[in-house]
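Worksheet for the structure shown next.
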């Protein structure tokens, strides 16, 4: 696996939204779903706003791979676990970027309940 370039981190991290698609068993992509995205350090994270039963999250968990589009970047990714030590920084990034939408909606992607629905997006080579 490779790392994000500095340009990709900046562009994806600055994007208001990200489109995510998981890979089907036959290798094709499912339809894209639009969600929020944050950068924390040199990593890109997404969370399911409505828990672990959200259909896109269930499919992404099952497949483990997919594709994202954000900030003019389109990349095949692996849906990896986040380091537990990163959750405070991820919460802070969501608050900094999205608090203008109000505590009710930002609360769906922050705090202890949201930790279980966090993916660290890892770009896949070739």
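The values are calculated or read from the model by the stated rules, or taken from the named source; none is laboratory data. Treat the numbers as computed from the prediction; the structure is a model and nothing was measured. Glycine also receives a Cβ, built like all others from the backbone with ideal geometry; neighbour counts cover every protein chain displayed.
Of the conditions (1) surrounded by fewer than 16 Cβ atoms within 10 Å (Cβ to Cβ); (2) closer than 23 Å to residue 125 by Cα; (3) in contact with a strand residue (DSSP E or B) (Cβ under 7 Å, 6 or more places away or on another chain), residue 42 satisfies every one except a single condition; which number is it?
Every condition holds for residue 42 apart from (3).
Only one of 51, 13 is under 24 Å from residue 111 (Cβ atoms) and either modelled with pLDDT under 95 or part of a strand (DSSP E or B) (or both). Can you tell me which?
Being under 24 Å from residue 111 (Cβ atoms) and either modelled with pLDDT under 95 or part of a strand (DSSP E or B) (or both) holds for just one of 51, 13, which is 51.
Considering only segment 83-120, state which residues are assigned to a loop (DSSP other than H, G, I, E, B), touching a helix residue (DSSP H, G or I) at 6+ places or on another chain (Cβ under 8 Å) and surrounded by fewer than 18 Cβ atoms within 10 Å (Cβ to Cβ).
Within segment 83-120, 111 is the sole residue that qualifies.
Name every residue in segment 45-60 that is surrounded by 16 or more Cβ atoms within 10 Å (Cβ to Cβ) and more than 12 Å from residue 12 (Cβ to Cβ), in order of residue number.
47, 48, 49, 54, 56, 57, 59, 60
Just one of the numbered conditions (1) at pLDDT below 95; (2) in contact with a helix residue (DSSP H, G or I) (Cβ under 8 Å, 6 or more places away or on another chain) is not true of residue 35; which one?
The single condition residue 35 does not satisfy is (1).
Inspect all residues belonging to segment 61-68 and state whether any of them is farther than 22 Å from residue 124 by Cβ and buried (at least 16 other Cβ atoms within 10 Å of the Cβ).
Within segment 61-68, not a single residue is farther than 22 Å from residue 124 by Cβ and buried (at least 16 other Cβ atoms within 10 Å of the Cβ).
So which residues in segment 2-49 are at positive phi and in contact (Cβ under 8 Å) with a residue 12 or more places away in the chain?
Scanning segment 2-49 gives a single hit, 41.
Can you spot a residue in segment 65-78 that is farther than 18 Å from residue 20 by Cα, outside any strand (DSSP E or B) and either in contact with a helix residue (DSSP H, G or I) (Cβ under 9 Å, 6 or more places away or on another chain) or at pLDDT 95 or above (or both)?
no
Against the conditions (1) closer than 25 Å to residue 105 by Cβ; (2) within 14 Å of the chain's Cα centre (by Cα); (3) outside any helix (DSSP H, G or I), where does residue 56 fall short? Just the number, please.
(3)
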